[in-house]
1. Among (1) touching a helix residue (DSSP H, G or I) at 6+ places or on another chain (Cβ under 8 Å); (2) at positive phi, there is one condition residue 68 misses while meeting the rest; what is its number?
2. When you go through (1) at pLDDT 85 or above; (2) over 16 Å from the mean Cα position of the chain (by Cα) one by one for residue 153, which number turns out not to apply?
3. Assess whether residue 78 counts as being in the same structural domain as residue 216 (by TED's automatic domain parsing) and under 24 Å from the mean Cα position of the chain (by Cα).
4. Scan the helices (runs of 4 or more DSSP H) fully inside the range 32-141 and keep the ones with 2 or more residues being among the aromatic types (Phe, Trp, Tyr), at pLDDT below 85 and under 18 Å from residue 20 (Cβ atoms).
5. With respect to the numbered conditions (1) under 18 Å from residue 153 (Cβ atoms); (2) in contact with a Ser or Thr (Cβ under 7 Å, 6 or more places away or on another chain), which one is the sole condition not fulfilled by residue 38?
6. For the range 11-28, which residues satisfy the criterion of being outside any helix (DSSP H, G or I) and buried (at least 19 other Cβ atoms within 10 Å of the Cβ)?
7. Going by the conditions given, is residue 64 of a type in the set (Ser, Thr, Tyr) and either closer than 20 Å to residue 133 by Cα or surrounded by 18 or more Cβ atoms within 10 Å (Cβ to Cβ) (or both)?
8. Among 248, 225, 195, which is at pLDDT 90 or above and either among the charged types (D, E, K, R) or farther than 30 Å from residue 323 by Cβ (or both)?
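The values are calculated or read from the model by the stated rules, or taken from the named source; none is laboratory data. Owing to the predicted nature of the structure, the values given are computational and were not obtained by experimental measurement. Neighbour counts are summed over all protein chains in view; Cβ atoms, including those assigned to glycine, are modelled from backbone coordinates with ideal geometry.
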Amino acid sequence: MADEEDVQAVDQLHVTYGHLCSELGKVVVGQQDVIEQLLIALFAGGHCLLVGVPGLAKTLLVRTLAETLALDFSRVQFTPDLMPADITGTEVIQENRSSGERSFRFLPGPVFANVLLADEINRTPPKTQAALLEAMQEQQVTVGGVRHALPQPFFVLATQNPIEQEGTYPLPEAQLDRFMFEVLIDYPDEEEELRIVKQTTSGSKPQLTPALDAAEIQSYSDLVRRVPVADHVASYALRLVRQTRVGRGQVPELVTKYVSWGAGPRASLCLVLAAKARAALQGRYLVASDDIRAVAAPVLRHRIIANFNAEADGVTTDAIVEHLLENTSVDGTNKSV
């Protein structure tokens, strides 16, 4: 039996979701799927990797999202000379003027914010990239042997340019797996681009009304985890993930041909949790199979490692995910693959 208070809270979250989309629409033109995926990850407590060419308003989108949520926002422009302490913080020696005593004082870095924009994360060396691992997974940083908890909620949005590869440091699979979603941002259509041109050259600045604060977001994140999921829907999510693993049971022929490594157990967790968040945002207190299908691509596309055959034949990980969705039924009977 569903908890009446939780059902009412889901209804309220659905209303708030509409208000958030309306506020974001004042500044960001189009990109409805991107906005939905960002908000799903936010309420599911995950992080996002935004992939798109320059000039698609990735930074504007993240900054606007922080404003509409009344959250502390911090941006780090990743460069080849950036050091781990530049983002986590460092200890400095401070002298007491009255007593003359010296002591260490921790100066928090930009990671101590609710929303952290890691701009062009693949432009900094692995040592600095790895500094985000503990923050993203453990919600804390350790400096000088002392642990410092990060503010809650903590949401990392990292951007990456898919075109320029010279002088970059591709994220290792271990760090990619920390991102709940890889969100692809595409070019706007002609009508949207016209609206962008008119809006950004008019000189007017829309006034945003914050819809949620940090405490409310935490409350809704707890609510999302309480959204029930039926066993057959959870099993459907697991089958999608397990069919990406070559040599681990029966997998589609296309996966065997084009995949080197499949998604791990964290993908199953993210798939179910993201589906719960999507259902709640749409005002439903129950996860449907459509929710699993809707979040499958952003959850799996960066967790499937394609091989050389896929690159040679132009087969993307999105195409592999689409093939799995087309050939995996909810009732457990797979179609011909």
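1. All conditions pass for residue 68, except number (2).
2. Failing condition for residue 153: (2).
3. yes
4. none
5. (2)
6. Residues satisfying the conditions are 27, 28.
7. yes
8. When all the criteria are applied, what remains is 225.
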